[in-house]
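The values are calculated or read from the model by the stated rules, or taken from the named source; none is laboratory data. A quick note: this is a predicted structure, and the numbers were derived from the prediction, not measured. No Cβ is skipped: glycine too gets one built from the backbone with ideal geometry, and neighbour counts run over all protein chains shown.
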């Protein structure tokens, strides 16, 4: 098939190509009912003229945090006019002005001027509108860790949560969304004292859940018979091994594109093999990029151990030699890496003092480098 055929051929195996987009929100959102119920409990007081409950939404990449919040915000705004829900991606909007410009747009339907108007005026307009119309505001700050550079998060949190001190009847709340389980230690005391969040944990998907989600996404995105259950199973295994559902969804999309380029009505094993070569786990790389220096050093220790069975005791000795940090710091990093699905830490029962804890990497050797 030539380039013209690839670009202009009007037959397609895709029923809905958008089903494989990173920001696609499925109508049938599975396996996150308990987390959405917990978020709904945080919003409920605002629907009853009270102040919303703040929340820290924790979970590794691709565990459904963003989708759950967006779906819940949509449900709230479709059922009530008492609450304004503003979702903000802090990778895209990292400044105080940028954050409040997004809130301003959500409330007024247009953006404030970028020049000529002081921030205090924009802030006043937002809070005055909420006060006079007796509406609550909930702001979801996704990937909020990007606001911690230059202590921006403290100022932004303070502006949102303490607005009631200057504006009567203003009721505001924050959902802070991120992957770092040590987030609660990052805020100033005067912000922490008013934030006091509920923690809502999004655990990684199991293999069975990943398979079911991918099969459902393939049903929505492809026509019947395009991809076999066996290939979906292989993709699900790869996604589970990397701890990255988005990797599996992206593999479905790439396989479909490769099949169409060959004018094939079905996705073949060869298409999957080629897609694996051309596709990497983006959320795995994002997770590694966001680790601290000492957390990266911990991973190097695991990698340097090679195929040997590394125990937590052995790892701590080497970790202390390289970093000089205490056992409590070591244990906190160990728990974080396990939470992020980078490692498993099963007990063997073969230690000199009882149970020995093994450290088993979940990432592939080719991703170690």
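Take residue 192 and decide whether it is at pLDDT 95 or above and in a helix (DSSP H, G or I). Lay out the reasoning, then the answer.
On the way: at pLDDT 95 or above: no; in a helix (DSSP H, G or I): yes.
Taking the combined requirement at face value, the residue does not satisfy it.
Among the numbered criteria (1) in a loop (DSSP other than H, G, I, E, B); (2) surrounded by fewer than 17 Cβ atoms within 10 Å (Cβ to Cβ), which single criterion is violated by residue 74?
The one condition residue 74 does not meet is (1).
With the requirement that a residue be assigned to a helix (DSSP H, G or I) and either assigned by TED's automatic domain parsing to the domain that holds residue 66 or over 17 Å from residue 218 (Cβ atoms) (or both), what does the stretch 259-268 give you? Before the answer, list the steps.
Our first condition is that a residue be assigned to a helix (DSSP H, G or I); within the stretch 259-268, this holds for 259-261.
Scanning the stretch 259-268 gives a single hit, 261.
Sort through 227, 235, 210, 201 and tell me the only one that's assigned to a loop (DSSP other than H, G, I, E, B) and closer than 29 Å to residue 362 by Cβ. Talk me through it step by step, then tell me what you get.
Working: 235 fails: assigned to a loop (DSSP other than H, G, I, E, B); 210 fails: assigned to a loop (DSSP other than H, G, I, E, B); 201 fails: assigned to a loop (DSSP other than H, G, I, E, B).
Matching residue, one of 227, 235, 210, 201: 227.
So in the stretch 77-86, with the set limited to residues that are without any contact (Cβ under 8 Å) to a residue 40 or more places away in the chain and either outside the structural domain of residue 145 (by TED's automatic domain parsing) or not in a loop (DSSP other than H, G, I, E, B) (or both), which one is nearest to residue 136 (Cα to Cα)? So that I can check it myself, show each step before the final result.
Just the residues of the stretch 77-86 that are without any contact (Cβ under 8 Å) to a residue 40 or more places away in the chain, to begin with: 77-80.
Now restrict to residues that are either outside the structural domain of residue 145 (by TED's automatic domain parsing) or not in a loop (DSSP other than H, G, I, E, B) (or both): 77-79.
Values: 77: 12, 78: 15, 79: 14 Å.
My answer is 77.
Residue pairs, Cβ under 6 Å, 6 or more apart or interchain, first in the stretch 166-195 and buried (at least 20 other Cβ atoms within 10 Å of the Cβ), second part of a loop (DSSP other than H, G, I, E, B) and at pLDDT below 90. List them.
Close Cβ pairs satisfying both conditions: 179/60.
Consider residue 24 carefully, then state whether it is free of Cβ contacts under 8 Å to residues at least 40 places away in the same chain, assigned to a loop (DSSP other than H, G, I, E, B) and surrounded by fewer than 16 Cβ atoms within 10 Å (Cβ to Cβ).
Numbers: free of Cβ contacts under 8 Å to residues at least 40 places away in the same chain: yes; assigned to a loop (DSSP other than H, G, I, E, B): yes; surrounded by fewer than 16 Cβ atoms within 10 Å (Cβ to Cβ): yes.
Here the answer is yes, as residue 24 does meet what is asked.
Quick grid of which residues meet (1) crowded, with 20+ Cβ neighbours inside 10 Å; (2) in the same structural domain as residue 356 (by TED's automatic domain parsing); (3) more than 28 Å from the chain's Cα centre (by Cα); (4) assigned to a helix (DSSP H, G or I):
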site: 247; (1), (2), (3), (4): yes, no, no, yes
site: 251; (1), (2), (3), (4): yes, no, no, yes
site: 257; (1), (2), (3), (4): no, no, no, yes
site: 270; (1), (2), (3), (4): no, no, yes, yes
site: 273; (1), (2), (3), (4): no, no, no, yes
site: 296; (1), (2), (3), (4): no, yes, no, yes
site: 300; (1), (2), (3), (4): no, yes, no, yes
site: 306; (1), (2), (3), (4): no, yes, yes, no
site: 321; (1), (2), (3), (4): no, yes, yes, yes
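Would you mind stating whether residue 230 is touching a residue at least 40 places away in the same chain (Cβ under 8 Å), out of contact with any helix residue (DSSP H, G or I) (no Cβ under 6 Å at 6 or more places or on another chain) and in the same structural domain as residue 12 (by TED's automatic domain parsing)? I'd like the intermediate steps shown before the answer.
On the way: touching a residue at least 40 places away in the same chain (Cβ under 8 Å): no; out of contact with any helix residue (DSSP H, G or I) (no Cβ under 6 Å at 6 or more places or on another chain): yes; in the same structural domain as residue 12 (by TED's automatic domain parsing): yes.
No: the conditions fail for residue 230.
Picking from 95, 12, which residue would you name as being assigned by TED's automatic domain parsing to the domain that holds residue 220 and at pLDDT below 95? Talk me through it step by step, then tell me what you get.
Working: 95 fails: assigned by TED's automatic domain parsing to the domain that holds residue 220.
Unique residue meeting the criteria: 12.
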